[in-house]
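A.B. asks: I have a structure I would like to understand better, so I am pasting it below and will then ask my questions one at a time.
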Amino acid sequence: PPSSGPPIPTHKTPSSFTPLMVPDETFPSCRLCFLPFSVPLRRRHHCRLCGNLFCQECSPNKSSLPLEGPEYEKPVRICTECEGEVDRGHFFTLRRYATVVNMPKVEPDCLMSALYSLQVDLTQTSKNPPSSEMSSPLNSIDVSELISSLLLCTSCSNCSPSPSDSDKSAIIFYAYKSLSALISLNPLLPSPSLARACLRPEVWDNILGVLGRDSPVDVVTLACKCLFYLTESDLHSSALMNDTADSAADSVDSRFQSSDSQKSRSRRNSFEDSSPPEEAPPVFPIDRAISAVVEHITSAVLATQRWSVATISNILSLDNSSLNTLTSSGGLMILTSLLNSSDDDTKSHASYALQSAVTISNHSETLLNNIATSLDYNTMSTLLSPNTSTDNIIKTTAGLLGTLLLPITSISNNQPTSTHHPSYTIAINLHTPPVIANLVSLLTTSSSTTSVLVCLAGIANANGGSEILPKTDLGNLCMTLLSNTPSDSDNKHLLQQILTTFTPDTQNPTTTLSSMLRGNLLSAAHTLIQSFIVNPSTSFELLLTALDAGVVSLILNALSVPSTPADECSNLEMLAILGKIAYSPSSPAPEVAKERYESSINYYEMVHNSDVVSTLTKFLALPDDLFDMPETHKQIKCNSIKATLSILESFTRNKADKKITTEIVHSLFLPSPSVVQSLLVQPPSPSLLSPTLEIFAKVCENAPSPVLPQLASCAACSIVPDMLSNAQSMADYDSFLLCLSIVTSTGSHAPPTSTVGRSSINTIKQALERPNCPELVRKKCVYALEELSINSSLWTAIGSCLPSLTAALLEER
């Protein structure tokens, strides 16, 4: 706080504190076993460390202490409780300060010194906690009694004589400082005693009373600090702990106590057990606490503001009903305005509090609308910038914006149906180049990946799929997706939403998405397939990551708009590479890869309501001037056709969904003239013949039965027998086996008018009779004749092959 605070007591350090010997008449009984003093049976003795009164049984031993004064030059009497502390190395035990604070009447100077030393030791304990809960210095004091005494000190009612104004100010200040430090140490106690003592009504009344009246600024700050610790969920959880925790703590702590101390504690427990059981802690006054804190969150004192805002976050997490009080008191609007604060801690706590409020309200439209109208969107851009904000501010800001935009993302369970939802308003206002640039940069530099992805996905959705990612950053982003995509499923869904809502620049088709990504993504894809060939198990997860991140949808988006031939070719080749790896039999988990690839295709069709086969078929069309093109351009076109055929061939491997294969049949085979017919009759390059036959064979193999008669009657199929004969005569067994597969699948379903089977049977006979015919070819020929025999119209032609077939079977046997 800006105020200088009360004067520092004379005794500035705990080591200079001299224990106060409690006057004999103060207590009529031993402070440990509670048995009454009597002369000569039970005489009073002072513990020279804590200064309290004990009987002989509770203070039987002496010990050397590192304290100043002539009486400490030799061993002095100490109580069994202090003896346990000394044995653990705690020569400056908290008990000696607690003795003074707990006295019903004490001189102001002595009390001030004790409070000062107590708060110093408590603060030091919080900064350097003991290695074990059982070795905590708090175990040696009665925390409930100490808290009651500290409350008395806040009014100086235990001072005698009455202190001066300056001494009173100091006593009150250090009393609250000790109280806040003590409450903060709850995690160091294994039992619920401290938590229960803190949550008593008189504690709340005292703290809230300070905040409700015109108190000194430094005391108000400490009261806010106390309230922060009082509203921590851990404190309330500790208060609800089972009482067996107390006995467990005593059991463990007994290892550090002498047998005399254990006996004394046993007698004390017997004495305390006769008292009424302690009541459960009451519910804290939520409305009063919220109202008191809201009064101080705009305080000019920075420390007060920080503790107040942080306390609101605690209260919201502790009791959901507090949101109504916060809203009605105007606290929500004040929290939003504090995002513009010049103090990082205040901004961070305000962000956390607003996140809690939105989450608790289940993304209430009313609450979101209040925030949407109060947000300073220019400030949001500044808070997200690594150049102007710390990592913590960036993290909390991204978390807040992610919470605000969550309803309009793909991972929301209740997406709003109306575009008038406040989250859309927030997303549209955030759609500015600085905000987007900062969010994109955070994907590779921030730990808040999910929050950043939620922001980008929400902005993309709210802006109707318009371009949200800067061209200069998109390539790098996609490279990151391929190599470092988070494994969290929500992140993958968000990445898909971001990438699939991206729309290339239609005003300048030559500068499209594919042009920007060609080098990066194609290079990544080639690297991926090469590494997969060398070590499939290592790069398999990388493949799944690329598929889950929506790369397939991203490429199909790029292919859906006009582009240069080179860009089209590069994207088609990359999609073909991904398809080949997805269906590779050497994959560590083929079914997983295939499922991811097919899911990506289905996701694109669902989002865009588009037929992916139609999108790709256009790249198979042969331009009229193809053969007059420069060789370089012609090669690019041939490569595009080859990649497209490979992609479509991978689609036909989806045996669970025959629909896509049927679409390929109707698009590539049945029109007259068909694409496949053109490629078989006059291919632009000999290298296209094999991929054309491959997709033909795969389509015939996986096409549904009703489609096979149509395939057998199409013009492309009538060309296959001649190709089969040419391949046989030239011993081109690769082409021969592909053509034979087509004949086997279609011939068995061919109508009597079809020549596919009849024209091919004689070629099959010649292959069987060919000297040195490969065993695989011979087996495929036998299988072909077996399948063709299903068609009764071919029985006569097959009969002429029986001698050759018998010879082949005998040779195989």
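A.B. asks: If you take the Cα atoms of region 63-133, find Rg, then find the Kirkwood Rh from the mean of 1/r over all pairs, what is Rg/Rh? Don't skip to the end; give the middle numbers.
C.D. replies: Numbers: Rg = 13.5 Å, Rh = 13.7 Å.
Across region 63-133, the Cα-based Rg/Rh ratio is 0.99.
A.B. asks: Quick one: plug the Kirkwood hydrodynamic radius of region 10-100 (C-alpha pairs) into Stokes-Einstein at 20 °C, 1.002 mPa s, and report D in µm²/s.
C.D. replies: 160
A.B. asks: Could you give me the ³J(HN,Hα) list for region 377-391, computed from phi with Karplus coefficients 6.51, -1.76, 1.60 and θ = phi - 60°, whole Hz, x at Gly and Pro?
C.D. replies: Once θ is set to phi - 60°, the couplings for region 377-391 become 6, 5, 5, 4, 4, 5, 5, 8, 7, x, 7, 10, 10, 6, 4 Hz.
A.B. asks: Rounded to the nearest 10 Å², what accessible area does residue 730 have for a 1.4 Å probe in the complete protein model?
C.D. replies: Approximately 150 Å² for this residue.
A.B. asks: Same structure, new question: Hey, could you get me the Stokes-Einstein D for region 91-199, Kirkwood radius over alpha-carbon pairs, 20 °C and 1.002 mPa s, rounded to whole µm² s⁻¹?
C.D. replies: Once the numbers are plugged in, D ends up at 155 µm²/s.
A.B. asks: Something else now. Compute the convex hull volume of the Cα atoms of region 606-652, divide it by the residue count, and report the result per residue in Å³ as a whole number.
C.D. replies: On the way: hull volume 3.9 nm³, N = 47.
Enclosed volume per residue, from the Cα hull, is 83 Å³.
A.B. asks: Let me ask something additional. Which whole-number value in Å² is the accessible area per residue of region 28-181, probe 1.4 Å? All intermediate terms of the calculation are to be shown ahead of the outcome.
C.D. replies: Details: 6310 Å² over 154 residues.
Solvent-accessible surface per residue comes out at 41 Å².
A.B. asks: Please work out the Cα center distance from region 58-84 to region 638-690, rounded to the nearest Å.
C.D. replies: Between the Cα centres of region 58-84 and region 638-690 lies a distance of 97 Å.
A.B. asks: Sticking with this one: May I ask you to give the percent of accessible area on region 561-663 that is carbon plus sulfur, with a probe radius of 1.4 Å?
C.D. replies: The computed percentage sits at 54.
A.B. asks: Can I ask one more? Once you've got the Cα coordinates, tell me which of 580/658; 659/765; 580/637; 618/659; 659/779; 634/780 are over 26 Å apart.
C.D. replies: 659/765; 659/779; 634/780
A.B. asks: Still on this model: Counting C-alpha atoms alone, how compact is region 725-771: give Rg to one decimal and Dmax as a whole number, in angstrom.
C.D. replies: Values for region 725-771 (Cα only, Rg and Dmax): 10.8, 33 Å.
A.B. asks: FRET efficiency for residue 566 and residue 779, Cβ-Cβ distance as r, R0 = 56 Å, nearest 0.05?
C.D. replies: So, using R0 = 56 Å, E works out to roughly 0.80.
A.B. asks: Quick one, can you get me the convex hull of the C-alpha atoms of region 651-708 expressed as volume per residue in Å³?
C.D. replies: Spelled out: Cα convex hull of region 651-708, divided by residues, is 74 Å³.
A.B. asks: Please state, to two decimals, what the Cα-based radius of gyration of region 590-690 comes to when divided by 2.2 N^0.38 Å (N = residues).
C.D. replies: 1.18
A.B. asks: State the percent of C-alpha pairs, over all pairs in region 295-354, separated by a distance greater than 19 angstrom. Before the final figure, lay out the partial values.
C.D. replies: Values: 315 of 1770 pairs.
The calculated P(r) of region 295-354 puts 18 percent of pairs beyond 19 Å.
A.B. asks: A further question on this structure: Using a 1.4 angstrom probe on the protein heavy atoms only, could you order 226, 110 from most to least accessible area?
C.D. replies: Result, largest first: 110, 226.
A.B. asks: So, one more: Kindly provide the pair-distance distribution of region 735-813 built from C-alpha pairs, with 10 Å bins from 0 and whole-percent values in order of increasing distance.
C.D. replies: 20, 57, 22, 2
A.B. asks: Over all distinct alpha-carbon pairs, what is the Kirkwood Rh of region 684-765 in angstrom? Mind showing how you got there, number by number?
C.D. replies: Working: mean 1/r = 0.0795 Å⁻¹.
Roughly 12.6 Å, rounded to one decimal.
A.B. asks: Can you give the accessible area per residue of region 677-791, in Å², using a 1.4 Å probe? Each step should come with its number before you reach the end.
C.D. replies: Values: 4770 Å² over 115 residues.
Ligands and nucleic acids excluded, the figure is 42 Å² per residue.
The values are calculated or read from the model by the stated rules, or taken from the named source; none is laboratory data. This is a predicted model, so every value here is computed, not measured. Cβ coordinates were reconstructed from backbone atoms using ideal geometry, including for glycine residues, and neighbour counts include every protein chain displayed. Calculation scope for accessible area: heavy atoms of the full protein, side chains included, ligands and nucleic acids excluded. Shrake-Rupley method; radii C 1.70, N 1.55, O 1.52, S 1.80 Å.
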